[in-house]
Amino acid sequence: MNRIERPTTLRSADDLVAQGLVDAADKPALDRVAERYAVAVTTHLADLIDSDDPNDPIARQFVPSADELSVAPGERDDPIGDDAHAPVPGIVHRYPDRVLLKLVHVCAVYCRFCFRREMVGPGKDNALSEPAYRGALDYIRAHGEIWEVILTGGDPLMLSPRRLREIMTDLAAIDHVKIIRIHTRLPVADPARITSALVDALTVQGAATWVALHANHPRELAPDVRLACARLVDAGIPLVSQSVLLRGVNDDAATLEALMRAFVETRIKPYYLHHGDLAPGTAHLRTTLAEGQALIRALRGRVSGLCQPDYVLDIPGGHGKAPVGPQYLTAEDSVELHHAAAAQTRYRVIDYCGEAHLYPPAEE
């Protein structure tokens, strides 16, 4: 429903009440949520919300809930252990050949399940200082094993095209940096901001630019979002997807199927489906690993290989990502084959219909 005289971005419980996205009776609890965690819902996303649906999957991602005031056992401020791998401000160096460069701590929208929710938003350090930025570049220059730099935050596309061009040029000038990957929500949150000037700023000589787009529900890939993504792809920037498995948003096979198909139709290769991190106040949005594995198994038989993401868990404590999808192969026994001098292991393989087969096959 179109609403008039509203701010470009809804940033408070008052704004959400005024736009009919939450009940006035819930405002005191939501004010307490907003005191701790940033709130921002662009009007573009607000227009995708069905305010008559109390379980709307878009609202569930962005509209705050009183459930966020409950912190479950095991939840932590730094659930994936960034701090344990931060040698200098702004850098996370968890894997040998790549680093995160955290440039800003603001986003166009704030996801209610964000694993950096304690670090982003108003009142936090909004951007890496110039001395810290220079120190981060020095660190990258000094480590020749760094092949890829991942711009993250916050959302790096919140920076101006001029500043983005400077950063991209600085990174591309480092001989051993060959890939610059940008993690963003902006094309989904505010597609009008994906301008030709911004796209031009991301294309530099000396390094290949990739963009990882975060979306969790097929309705997020609305026509104007697809056009924004096309501006990037048509400029020669490949896109991959990142999604989070969320209870009440995409935790059924039909929705995941529609989401992955929508990515591929938009020329975005499905990349990661993340298991929900142990961020504080997010238990109501997390599924179990078993539920996630069952959904990935269901996808295997429903969609093209182009549509298959890797289901991954970021191991708490900073130990990195691990694939946690279903297993299709188990060792059965040792068999003697007539054409082989030595025994070989025979495996039990599960096909997409759930039926078991032996490999090598039993000889007739």
> What percent do you get for the relative contact order of the stretch 1-67 when only Cα pairs under 8 Å and 6+ apart count?
Replying inline: 37
>> What does the C-alpha gyration tensor say about the overall shape of the stretch 146-270? Classify as rounded when a/c is under 1.5, otherwise prolate if a/b is larger than b/c, or oblate.
In response: prolate
>> Step by step: find N for the chain, compute 2.2 N^0.38 Å, then divide the Cα radius of gyration by it. What's the final number?
In response: 1.08
> Reachable aspartates and glutamates from LYS178, Cα under 14 Å, same-chain residues fewer than 8 places away excluded?
Replying inline: ASP97, GLU145, GLU148, ASP170
>> If I take every Cα pair under 8 Å that is 6 or more residues apart in the stretch 26-126, average their sequence separation and divide by the length, what percent do I get for the relative contact order?
In response: 33
> If you roll a 1.4 Å probe over the heavy atoms of the protein chains, what accessible area per residue do you get for the chain, in Å²?
Replying inline: 45
> In the neighborhood of VAL199, defined by Cβ-to-Cβ distances under 14 Å, what is the net charge if each Lys or Arg adds +1 and each Asp or Glu adds -1?
Replying inline: +2
> ALA72 to THR169: FRET efficiency via 1/(1 + (r/R0)^6), r the Cβ-Cβ distance, R0 35 Å, to the nearest 0.05?
Replying inline: 0.20
> Which order do peptides 145-158, 193-206 fall in by mean Cβ count within 10 Å, highest first?
Replying inline: 145-158, 193-206
>> Suppose each label sits 7 Å from its Cα in the direction of the beta carbon; what would the HIS176-ASP351 distance come out to in nanometres?
In response: 4.8
>> Rounded to the nearest 20 debye, what is the charge dipole size of the stretch 263-331 about its Cα centre when +1 sits on each Lys and Arg Cβ and -1 on each Asp and Glu Cβ?
In response: 220
> Counting alpha carbon pairs within less than 8 Å and at least 6 residues apart, what relative contact order, in whole percent, applies to the chain?
Replying inline: 14
> Counting Lys and Arg as +1 and Asp and Glu as -1, each charge on the Cβ, what is the dipole of the chain about the Cα centre in debye, to the nearest 20?
Replying inline: 840
> How about the stretch 108-147: which trypsin sites (Lys or Arg not before Pro) there lie in a loop by DSSP and see at most 15 other Cβ atoms within 10 Å?
Replying inline: LYS124
> What are the residues whose amide H is under 5 Å from the amide H of GLY276, where those residues sit 5 or more places off or on another chain and H is modelled from the backbone?
Replying inline: LEU245, THR287
> What is the dipole size for the stretch 59-105, taken about its Cα centre, with +1 at each Lys and Arg Cβ and -1 at each Asp and Glu Cβ, in debye to the nearest 20?
Replying inline: 220
>> Nearest 500 deg cm²/dmol is fine: what mean residue ellipticity at 222 nm does the chain get from its DSSP H runs of n ≥ 4 alone, each adding -39,500 (n - 2.57), divided by its residue count?
In response: -8000 deg cm²/dmol
> Karplus couplings for the stretch 16-24 from phi (6.51 cos²θ - 1.76 cosθ + 1.60, θ = phi - 60°), rounded to Hz, Gly and Pro as x?
Replying inline: 5, 5, 4, 8, x, 8, 9, 7, 4
> Antiparallel as a % of all DSSP beta bridges within the chain, to the nearest 5?
Replying inline: 40
> Once both labels are modelled 7 Å past Cα along the beta-carbon direction, what's the ALA322-SER196 spacing in nm?
Replying inline: 5.0
> Which one of LEU164, LEU69, ALA25 has its Cα pushed farthest toward the positive end of the charge dipole of the chain, where Lys and Arg give +1 and Asp and Glu give -1 at the Cβ?
Replying inline: LEU164
>> Tell me which of GLN327, ILE174, CYS107 sits at the most positive position along the dipole axis of the chain, charges placed on C-beta atoms (Lys, Arg +1; Asp, Glu -1).
In response: ILE174
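The values are calculated or read from the model by the stated rules, or taken from the named source; none is laboratory data. Computed from a predicted structure; not experimentally measured. All Cβ positions, glycine included, derive from the backbone under ideal geometry; neighbour counts span all protein chains shown. Note: areas computed on protein heavy atoms with side chains; ligands, DNA, RNA excluded. Shrake-Rupley method; radii C 1.70, N 1.55, O 1.52, S 1.80 Å.
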